[in-house]
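Following: one structure in structure tokens, then a few remarks.
What follows draws every value from the coordinates through simple rules; no lab data is involved. Note that the structure is predicted; figures quoted are calculated from it, not measured. Reconstructed Cβ throughout: ideal geometry from the backbone, glycine too, with neighbour counts over all protein chains shown.
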Protein chains: 2
Amino acid sequence: MAATTGDPGLSKLQFAPFSSALDVGFWHELTQKKLNEYRLDEAPKDIKGYYYNGDSAGLPARLTLEFSAFDMSAPTPARCCPAVGTLYNTNTLESFKTADKKLLLEQAANEIWESIKSGAALENPVLLNKFLLLTFADLKKYHFYYWFCYPALCLPESLPLIQGPVGLDQRFSLKQIQALECAYDNLCQTEGVTALPYFLIKYDENTVLVSLLKCYSDFFQGQRTKITIGVYDPCNLAQYPGWPLRNFLVLAAHRWSSSFQSVEVLCFRDRTMQGARDVAHSIIFEVKLPEMAFSPDCPKAVGWEKNQKGGMGPRMVNLSECMDPKRLAESSVDLNLKLMCWRLVPTLDLDKVVSVKCLLLGAGTLGCNVARTLMGWGVRHITFVDNAKISYSNPVRQPLYEFEDCLGGGKPKALAAADRLQKIFPGVNARGFNMSIPMPGHPVNFSSVTLEQARKDVEQLEQLIENHDVIFLLMDTRESRWLPAVIAASKRKLVINAALGFDTFVVMRHGLKKPKQQGAGDLYPNHPVASADLLGSSLFANIPGYKLGCYFCNDVVAPGDSTRDRTLDQQCTVSRPGLAMIAGALAVELMVSVLQHPEGGYAIASSSDDRMNEPPTSLGLVPHQIRGFLSRFDNVLPVSLAFDKCTACSSKAGLELLTSGSTCLGLPKFWDYRREPLCPANIFLLIASAVVNF
Amino acid sequence: MAATTGDPGLSKLQFAPFSSALDVGFWHELTQKKLNEYRLDEAPKDIKGYYYNGDSAGLPARLTLEFSAFDMSAPTPARCCPAVGTLYNTNTLESFKTADKKLLLEQAANEIWESIKSGAALENPVLLNKFLLLTFADLKKYHFYYWFCYPALCLPESLPLIQGPVGLDQRFSLKQIQALECAYDNLCQTEGVTALPYFLIKYDENTVLVSLLKCYSDFFQGQRTKITIGVYDPCNLAQYPGWPLRNFLVLAAHRWSSSFQSVEVLCFRDRTMQGARDVAHSIIFEVKLPEMAFSPDCPKAVGWEKNQKGGMGPRMVNLSECMDPKRLAESSVDLNLKLMCWRLVPTLDLDKVVSVKCLLLGAGTLGCNVARTLMGWGVRHITFVDNAKISYSNPVRQPLYEFEDCLGGGKPKALAAADRLQKIFPGVNARGFNMSIPMPGHPVNFSSVTLEQARKDVEQLEQLIENHDVIFLLMDTRESRWLPAVIAASKRKLVINAALGFDTFVVMRHGLKKPKQQGAGDLYPNHPVASADLLGSSLFANIPGYKLGCYFCNDVVAPGDSTRDRTLDQQCTVSRPGLAMIAGALAVELMVSVLQHPEGGYAIASSSDDRMNEPPTSLGLVPHQIRGFLSRFDNVLPVSLAFDKCTACSSKAGLELLTSGSTCLGLPKFWDYRREPLCPANIFLLIASAVVNF
């Protein structure tokens, strides 16, 4: 209970303060606003709350803020009065603590006072319902610090009670009570609101009339010594009115104390009990109005809420404990990403990254590291393809596996990798396909691999590539990269390729062929095919994405079986342990940079020479290749042109020659090219079954 | 049963072939030899096996190879005959398959033949016991492919049985049997062996004499038509002799068929039955000797072992199933490392890396990635220090944690990280310390941190640094790096420091101060303090390790509290997700390169300019700093000198000024420097409690 001071004698009117009721939805919405809109902006924000006056006895008067608090045009819930507030959300706990709360309160009080003096509060009484909310949202821990204030202007002296408070049913007859209900409801209906916070009342034994504050003069015309005012009262206590009355009494004192010495106050309480409406528990009393008509200065104000311990201090709510851990994980991951946008890279288009569907061909050292980096970037759709099982030497270098995964012959890598991603972050959509990637030079009629199985594998691979946006080639053999490169080229998918030596690596994006036909459905409608054509490409500068080479372009031999006849050190693709982490991370960072470029995979390739120039994206360069040399801790950014007879990506020597079934390729005669559709699956079988060297 | 051919009529002598018995110990030893000695060497190797003749009935005759097979001077087990073999261990499965087995057999047969013709086999009958072993060890899978051959020269025709075979007890009296046992044992004893593979026998009703082959002339002097020879027979079968007899019969035919038409063969079998010696189950028979005295050409030979299916083909043993998985994991991890040495970096000193004890201060994004890379390098001793708990945003960027680790407020990072390393590789010795690193600028009398706790933390940190070889500074604040840098500098420990920006990083080794006193116990006795001193260092070239700066050297302000008053994006140390992986990997690779340098941390720093020069280690450069710029995919290698008034590493402004307790540092007066020992713990408390700006 906050008491006003002064004037001993008559008992003094006291007011029940509001309890702030900040809903989980409010904090959630604040989190979103902070992340996506306010970011580092600390400027005051308009927010909106409401209070209800129909609670059962025992509940404190509450000012509620929920998810809708940030939408000033959101409707107020039925039978609730709106309150308008100002949110001061600080960037740091430090500035939360050091905020000048006295000043904030004075500013708010002054606005209320001005609205009283100017009459604006008569026109719009909601101006009296003002609140402040000072917050700091620690979004890493989901701890929300806040301090709520409902400024109440203080009357120059305490208000002696002349009469009451008593229950309305002790003063009004049943008829009068019903007339009050009826009159109030009608006024609300006329005004198009479900509740009026403040109103005027006139009554006699037979009738009860209510009116708006702004109609004061007409309504009370001829009235003497006493007027009756109504307040929509959120308080339940039989002896005390709630907080909203305070500013209303100041308004009454300022505007009407020259005419009246006292005011009768009806604290209108309107609840439903056992199915029946009940306003009889409203209270009514009469207080002496102090003389305030000519005071020009804003009275002092109170209103900062006490904390749970009853002291003057902020409150903290720890939402991490009451949130679904999985959603909490998702929000936390989002947070880390959005933080990048706030100050560092405001133009970063995170959606382009987060929404990309990635197919990882290979779930070994490179695949594991690429997947981890994709997770760090918030990519939610990750698919693995691998046919190997986890062996004992893998976990120390392949960061999605553990010792237990090796037992019993080892789990299939692709499946185990997908499982692990779920364990790391339940929000990820990860799948694994335990399948072989058909390879030229590895005859399909060898051992247990049948032609039929190879055909199925090709079709599955084709489907997988179709269903993803970015294809990562992360295998440990040259030749296994070939078929995916061909299919991805034909489908115009962005290909990111990474390959390791002992202490060297190459990370590259494949050139992205011009779309077969321009128009709707293009992934990158802005790509400058026409203009770039004019540039020419005799120098290795300004080479647009569609002229860039693929992994096979500098390579005139066909992919053969590189696993045969390799010694153990060659088979293990022995490399310095740090190399795969570096190459895997760079492969993803290259993808992200390319995605940030407005032309995506068609972007002109950056070279080492561009390092001193203005970068083409907010994240920097979009090279064609990154070749790294760990022994020198050095990277270079070569650019190379597509080879027009490339066995993988050229339309001439690649797809077209193959689909034409030219016998110059040594294709077997048994294949009837005219009867079978010439999809990559068929093309590949031709090659695979013939072990063609083309 | 392998039958000889020709001469129908009398029943033919057949021989029970050897079963190869390749012990797990043999494969283990082969693995070690391959990894550490043979590497890519495919040259034939001498190995040694043995066979036993005391088996119970039902066991096949076995030629056993165990761990001792590679030690030609290893003793033959008691009551076993040695066999000498040649190991052909191929580097690839392909060359295993394509090995010319016919040629190998012919070569071995020829050697046997030559030893018969020259008489060498008479002097040393073990020359008849020759075997071949063709192997391919797939050490990634612990699959061992092998094909065993015990070459047997073929007689020109099959050997007709003139008499027998019958049990020795049907031919010899008990007295004769005892005399045989006695004579054989005496001869072994005289020769200093526990078993003789081949010997000569002469007997009558009362006596049995045995002699060595080389004594043939004297022993059989006066003998007519028939001689008796003895063979130490690994075979158990009542009707058939074992394989060793074959070459012995060829020897007999070649050398003695001009004198004798037939030979009586005693297949000496010598077992212990129910505690009693038993040779009575030996068999004896007589065969016609073919005329081979004058044939100069090596007879054809047989001997490649059939596989489990009974066909001519190699066998495979999969030891991964019968090995202790944890040891298997250890071997597999070792393998991957040793593979690096074989061809790529033969001079790599792996022990220096594997045995290093690493202290990781910080178990966040950098700490996790550093630990993973250390695991890849085979480092077995890793200790984490961190005081944070795992939050929901961590697992996608900190690759030692999963979603479950975040529940219930989050596990302490240091402990969870150590647990995870054990799960990845049970052979690691990982520990975690959930403790704070006392920081200047963070007053120790603040909140719950007491002076006493800070003192304990300092002492523990000091002890940890003392007990490790390399100290990684991987924290997310500047000031937390200070105290470890001071302590590590005073203890002359190699410090590797990594720090991240948004898309930039620095990875550096701190300069390593000259040892306090030269001499025994120096970590790097070769470091060229004296000579490097002469070089001067006015240019940033040829700066020796002891003159290099630390993280704080370019920094004149004291470390303050950088976590206070930071906005969320600053607190999160927001960086591009790939950055920590790259920096973490480079931090370890830098450590490894430094360890490979003969002068270790005292090595002259490589700079960007050295990239074209001959590198100082087998792994390349040993820079002072690697500064990376992800937006340009570029690294530079700056070198900077130690600042002689550095707040962390200088002896003047750092340790000495502090330990002198100079009041110019604003140290509190209450500390009695003369009474308390001036260990870093005390020094630090001075600073921490005073929040000194020095």
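For A:G310, place a label point 7 Å out from Cα along the Cα→Cβ vector, do the same in each other copy, and report the separations in nm, one decimal, smallest first.
Label point to label point, same position, other copies: 9.6 nm.
Measure out, as a whole number of angstrom, how far apart the alpha-carbon centroids of segment A:300-363 and segment A:56-71 sit.
Cα centroid of segment A:300-363 versus Cα centroid of segment A:56-71: 23 Å apart.
Expressed as a rounded percentage, what relative contact order does segment A:68-225 have, with Cα pairs under 8 Å and six or more residues apart? Display every interim value, and only then the final one.
Details: 162 pairs, mean separation 33.4, N = 158.
Across segment A:68-225, relative contact order equals 21 percent.
Treating the point 7 Å from Cα along Cα-beta-carbon as the label, what are the nm separations from B:D349 to the other copies, to one decimal?
Once sorted, the set of distances for B:D349 reads 5.4 nm.
What does DSSP give for segment B:161-299 in terms of the percent of beta bridges that are antiparallel, rounded to the nearest 5? Walk me through the numbers before you get to the answer.
On the way: 21 of 28 bridges.
Antiparallel bridges: around 75 percent, rounded to the nearest 5.
Mind listing the phi-derived Karplus ³J(HN,Hα) values for segment B:169-175, rounded to whole Hz, using 6.51, -1.76 and 1.60 with θ = phi - 60°, and x for any glycine or proline?
5, 8, 10, 9, 6, 4, 4
Output ³J(HN,Hα) for segment B:183-193: one whole-Hz value per residue in order, computed from phi by the Karplus curve 6.51 cos²θ - 1.76 cosθ + 1.60 with θ = phi - 60°, and x for Gly and Pro.
Along segment B:183-193, the couplings run 5, 5, 4, 4, 5, 4, 4, 4, 7, x, 10 Hz.
Which cross-chain or sequence-distant (5 or more) residues have an amide H under 5 Å from the amide H of B:T228, H modelled 1.01 Å from N in plane?
Here B:I201, B:E264 satisfy the definition.
Using Cα-Cα distances under 8 Å and only pairs 6 or more residues apart, what relative contact order does segment B:161-299 have, in percent?
Relative contact order here is 30 percent.
Rounded to whole Hz and in sequence order, give me ³J(HN,Hα) for segment B:228-235 from the Karplus expression 6.51 cos²θ - 1.76 cosθ + 1.60, θ = phi - 60°, writing x for Gly and Pro.
Each residue's phi maps through the Karplus curve to give 10, 10, x, 10, 6, 9, x, 7 Hz.
Summing +1 for each Lys or Arg and -1 for each Asp or Glu, what net charge is found among the other residues whose Cβ lies under 12 Å from the Cβ of B:E106? Can you show the working numbers first?
Numbers: positive: B:K101, B:K102, B:K300; negative: B:D100, B:E111, B:D297.
Its environment carries a net charge of 0.
If you average the alpha carbon positions of segment A:247-276 and of segment B:30-46, how far apart do those two centres end up, in angstrom?
If you average the Cα positions of each part, the centres end up 101 Å apart.
Tell me the net charge near B:A280. Cut-off is 11 Å between Cβ atoms, B:A280 excluded, with +1 for each Lys or Arg and -1 for each Asp or Glu.
It works out to a net charge of 0.
Whole angstrom only: what separates the Cα centroid of segment A:369-443 from the Cα centroid of segment B:589-613?
35 Å
Are any of the pairs B:K326/B:K357; B:K357/B:K514; A:K12/A:K306; B:K326/B:K514 more than 32 Å apart by Cα-Cα distance, and if so, which? Display every interim value, and only then the final one.
On the way: B:K326/B:K357 21 Å; B:K357/B:K514 21 Å; A:K12/A:K306 22 Å; B:K326/B:K514 42 Å.
The pairs that break the limit, which is 32 Å between Cα atoms, are B:K326/B:K514.
What spacing in nm lies between the two simple spin-label points modelled at B:K306 and B:E291, each 7 Å away from Cα in the Cβ direction?
3.5 nm
Net charge near B:L153, counting Lys/Arg +1 and Asp/Glu -1 over other residues with Cβ under 12 Å of its Cβ?
Combined, the nearby Lys, Arg, Asp and Glu give 0.
List the distances, in nm and shortest first, from the label point of A:I162 to the matching label points in every other copy, placing each point 7 Å from Cα along the Cα-to-Cβ direction.
A:I162 label point versus its equivalents elsewhere: 15.3 nm.
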